[in-house]
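Okay, structure first, notes after.
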Amino acid sequence: MPSLVSALRLRGIRKTFPGVLALDGVDFDLLSGEVHILLGENGAGKSTLMKIISGASRRDAGTMEIAGVPVDLTGPRHAQELGIGIIYQELNLVPHLSVAENILLGREPMLCPGVLDRRRLRRIAQELLDELGLTIAAGAVVSSLGVAEQQMVEVAKALSLDARVLIMDEPTSALTSQEIERLFATIRRLKARGVGIIYISHRMEELFAIGDRVTVLRDGRYIGTKAIGECTLDSLIAMMTGRDLDAQFPKEAARPGEVALRVEGLGRNGVLHDISFSVRRGEIVGLAGLMGSGRTELARALFGADAIDCGRIEVHGRERRIRSPREAIDLGLGFLTEDRKTQGLVLALSVQSNLCLPSLDKYARGGVMMETRERAAAGRMVDELHIKTPGLQQRADCLSGGNQQKVVLGKWLCTAADILIFDEPTRGIDVGAKVEIYRLMNRLAAQGAAILMISSELPEILGMSDRILVMHEGRIAREFSAGATQEQLLAAALGRSV
Amino acid sequence: MTLKPFLIRYARQFGTLFGLVLLCIALWIATPYFLTSSNLLNIMEQSAINALIAVGMTFIIISGGIDLSVGSLVAFTGVVLAGFLHDGWPWPLAVACGLVAGLGCGIVNGLLVTLGRLPPFIATLGTMSVARGAALLYTDGRPSSGFDSGFRSLATGQVLHIPAPAVIMLVVYVLGHFVLTRTKFGRYTYAIGGNEEAALLSGVRVRLYKTLIYGAGGLLSALAAVLLTARLNSAQPIAGINYELDAIAATVIGGTSLLGGQGTMGGTLVGALIMGVLRNGLNLLGVSSFVQQVVIGAVIILAVLVDVLFKPKKK
């Protein structure tokens, strides 16, 4: 249980970037042994605040106390020395080194100067891992571990630095539900040891499962702090957005038309087996399953990014062979990829270039770009999707996650794709942007698009789908109607027959 | 576009341009002969060959690749061209065949990278040696000289008192800039270099375009070979040694990122001119060629160092 010992105390934190007031007088208290959720939409100032706490960025005004002692951090290293650990969304491990070497990187025990004491290195690391109740071998190579285990290694690393404050930024975004349970077990152990944890996540259900208190930021301002027991999902959403969202999932009734995409007996050796299903115009079909169940692989195979070994694909009633993404796009398919940074966007290119990339032929004659047409098309997308960007020439990596996702979506609106595969369309984006994306999916479906939506968030699948397919080990294990329960989906995803 | 974002966007290029201007002023002070029109035209002419190869290199590096074979391709296409000329072909036809040979060699590089899935460094390291060896075999290691004056006028001729190589260089840069900024080919070059996976999933025919990009590199090497052969009135199998390094240097000084996805044609031109001005100025000052190598190396490091140090850090 949380003590009343203050681990961290911030008052009136202010931070400005050129042209932006990122934080405007934010207060924040962290007690030893509590999990304190930090909540806010993208751009609310969470990341900036975390950077200030972890020493990566300096505050312009305000005070900061660690365990009651006022401090002025000079850099990340200083923060580390004062017991502040941070685990970023993107893990910072050296893949080819062992777990032990990673945990003690830069602080390896030495036999004599220049010579590692490998035995002691292994032992210290193993003790840390055991203490956390982990079954990871200290000698294992990091790249052989799953994402969840790698995250635990990061936790162990932070603890080896004697962290009293641990920041976790979206720690579950790449984890399956079982892995999340393991992470939560570890977090509870950390609490028991008196570590104060700042936990950032967009997955609301997690907050209730693990949080003790929650602080909400909005537009760089401090909105309030509450005990998690006093909150409801709706009240938190209202605090974050400043408005009441009528519903988290604004699903509209579908009017399915003819079959747009039909797949029969599709297989890819070792990955996909005997996949058959269809998606009608106007329909949103949810595709659930655990990580590694073959959902993304199925999407890639449909889109021509990976070859298939057997099976038929029919698009609008005609059998087609799709051998490359180009052919898929020409047939009217669109693929919103799971990871917008590595697969969805060319980060160094402008918003306009990204929006128009798949449909460039429309804005070119004889290979020469028709600049005005391209600009007009991109401008229309920015207006239509409410993409917040200073201009069309802004580089894509300068946008927030939600706006980047809208750009990726916009790419497929530009091609006028009418069979859309959405792979984790709302991963890592804030509640407000999520609802916007859901509304857009509704609108596309109403206009006659067929949508296949892959998601790891069961509430999202249940909230937005007309039908639900559940994959397990490369097969479609079951199909459900919209009225299914989370338990049913999970059971099917785990391969249990119900 | 208002002035300020324009300045920010092109700050890197203007930085290099500023460096070029500073360099010119310094040399002007050091030696009065530097700032004469004949010398400036001379610099353009001297820089043309490296600058032409650097156009292809810029496309290749922006696409995330590298081409080490360009110097050997200059030698190979040069001797092939000389062979056609000595066989009595009309020189425009011989030149065209030389260019096609360069294009073909470039496409081979491209196919090794795309279909063969070789890292560009390895693929072109291999073809660098193959093309050099082929040039030596073809000529038995001897230069072949003596061409008709029509062909030689490509190097010795003038247009409006400007040496023909300089004119060709400027035309190719205007074209290169146009292709890079205003065509699908150019946009795909940036997209492939910026994020190949995203480009592929956006329907870009990555293998086709990469192959064409290396083809363009070969074509421009061949064009450089034409000018070099015409200027020297001789095709030598040992020509073009270290040209790949000069071209890479011009491209990098000009602000193109070796990681791919970023770069401009104007930057490369300035980069090539900086190298040309530096060589010319040091020659005028009577600095030994040994010292010149040291200075040019230092300038490459300095240019990229300035880039790294002054680049606005990401949030």
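The values are calculated or read from the model by the stated rules, or taken from the named source; none is laboratory data. What you see is a predicted model; the values in this text were computed from it and never measured. Reconstructed Cβ throughout: ideal geometry from the backbone, glycine too, with neighbour counts over all protein chains shown. Surface areas here come from the heavy atoms of the whole protein model, side chains and all, with no ligands, DNA or RNA. Shrake-Rupley method; radii C 1.70, N 1.55, O 1.52, S 1.80 Å.
Things to note:
- Applying the criterion of being hydrophobic (A, V, I, L, M, F, W, C) and free of Cβ contacts under 8 Å to residues at least 40 places away in the same chain to the residues of the stretch B:78-99, the residue that is farthest from B:GLY215 (Cα to Cα) is B:TRP89.
- Residues that are under 17 Å from the mean Cα position of the chain (by Cα) and open to solvent by 20 Å² or more (accessible area, probe 1.4 Å), drawn from the stretch B:271-283: B:LEU273, B:ARG279
- The set of residues in the stretch A:125-144 that are assigned to a loop (DSSP other than H, G, I, E, B) and open to solvent by 30 Å² or more (accessible area, probe 1.4 Å) comprises A:GLY133, A:THR135, A:ALA137, A:GLY139.
- In the stretch B:186-220, residue farthest from the other protein chains (Cβ to nearest Cβ) [restricted to those that are among the hydroxyl-bearing types (Ser, Thr, Tyr) and more than 18 Å from A:MET369 (Cα to Cα)]: B:TYR214
- Selection from the stretch A:468-491 of residues that are open to solvent by 10 Å² or more (accessible area, probe 1.4 Å) and over 14 Å from A:SER276 (Cα atoms): A:GLU473, A:PHE480, A:SER481, A:ALA482, A:GLY483, A:ALA484, A:THR485, A:GLN486, A:GLU487, A:GLN488, A:LEU490, A:ALA491
- B:ILE66 vs. criteria modelled with pLDDT of 95 or more and in a loop (DSSP other than H, G, I, E, B): yes
- Qualifying residue in the stretch B:132-151 (condition: assigned to a strand (DSSP E or B) and open to solvent by 10 Å² or more (accessible area, probe 1.4 Å)): yes
- Which numbered condition B:HIS161 fails, given (1) modelled with pLDDT under 95; (2) open to solvent by less than 60 Å² (accessible area, probe 1.4 Å): (2)
- Of the residues making up the stretch A:63-95, those that are part of a loop (DSSP other than H, G, I, E, B), within 26 Å of A:THR172 (Cβ to Cβ) and not hydroxyl-bearing (Ser, Thr, Tyr) are A:GLY83, A:GLN89, A:GLU90, A:LEU91, A:ASN92, A:LEU93, A:VAL94, A:PRO95.
- Being surrounded by fewer than 24 Cβ atoms within 10 Å (Cβ to Cβ) and over 19 Å from B:LEU175 (Cβ atoms) holds for only one residue in B:PHE76, B:PHE84, and it is B:PHE84.
- Residue ID - nearest to B:THR36 (Cα to Cα), chosen from residues in the stretch B:258-315 that are in contact (Cβ under 8 Å) with a residue 24 or more places away in the chain and hydroxyl-bearing (Ser, Thr, Tyr): B:THR268
- The lone exception for A:VAL259 - which of (1) within 16 Å of A:VAL431 (Cβ to Cβ); (2) more than 22 Å from the chain's Cα centre (by Cα) it fails: (1)
- Every residue from the stretch B:60-115 that is charged (D, E, K, R) and under 20 Å from B:ARG132 (Cβ atoms): B:ASP67
- Taking the conditions (1) more than 24 Å from A:LEU175 (Cα to Cα); (2) at pLDDT below 90; (3) of a type outside the set (A, V, I, L, M, F, W, C) in turn, A:ASP60 satisfies each one other than (2).
- Out of A:ALA67, A:ALA100, A:ALA7, sole residue that is under 30 Å from A:ASP430 (Cβ atoms) and either of a type in the set (A, V, I, L, M, F, W, C) or in contact with an Asp or Glu (Cβ under 9 Å, 6 or more places away or on another chain) (or both): A:ALA7
- Condition met for B:ALA239 (within 9 Å of chain A (Cβ to nearest Cβ) and either within 22 Å of A:SER324 (Cβ to Cβ) or at pLDDT below 95 (or both)): no
- Just one of the listed residues (B:LEU103, B:LEU41) is modelled with pLDDT under 95 and open to solvent by 30 Å² or more (accessible area, probe 1.4 Å), and it is B:LEU41.
- From the options B:GLY218, B:GLY286, residue that is out of contact with any helix residue (DSSP H, G or I) (no Cβ under 9 Å at 6 or more places or on another chain), farther than 30 Å from A:LEU333 by Cα and either small (Gly, Ala, Ser) or crowded, with 24+ Cβ neighbours inside 10 Å (or both): B:GLY286
- Candidate set: the stretch B:172-187, residues that are of a type in the set (Lys, Arg) and in contact with a strand residue (DSSP E or B) (Cβ under 6 Å, 6 or more places away or on another chain); chosen: the one least open to solvent (accessible area, probe 1.4 Å): B:LYS184
- Evaluation of A:HIS273 against (1) assigned by TED's automatic domain parsing to the domain that holds A:GLU457; (2) of a type outside the set (D, E, K, R); (3) without any contact (Cβ under 8 Å) to a residue 40 or more places away in the chain (one fails), failing number: (3)
- Number of the exception - B:ALA247 against (1) touching a residue at least 40 places away in the same chain (Cβ under 8 Å); (2) touching a Leu at 6+ places or on another chain (Cβ under 6 Å); (3) not acidic (Asp, Glu): (2)
- Positions within the stretch B:245-270 being polar (S, T, N, Q) and open to solvent by 20 Å² or more (accessible area, probe 1.4 Å), in sequence order: B:SER257, B:GLN262, B:THR264
- Among the residues of the stretch A:171-225, the ones that are farther than 26 Å from A:LEU489 by Cα and of a type outside the set (Ser, Thr, Tyr) come to 24 in all.
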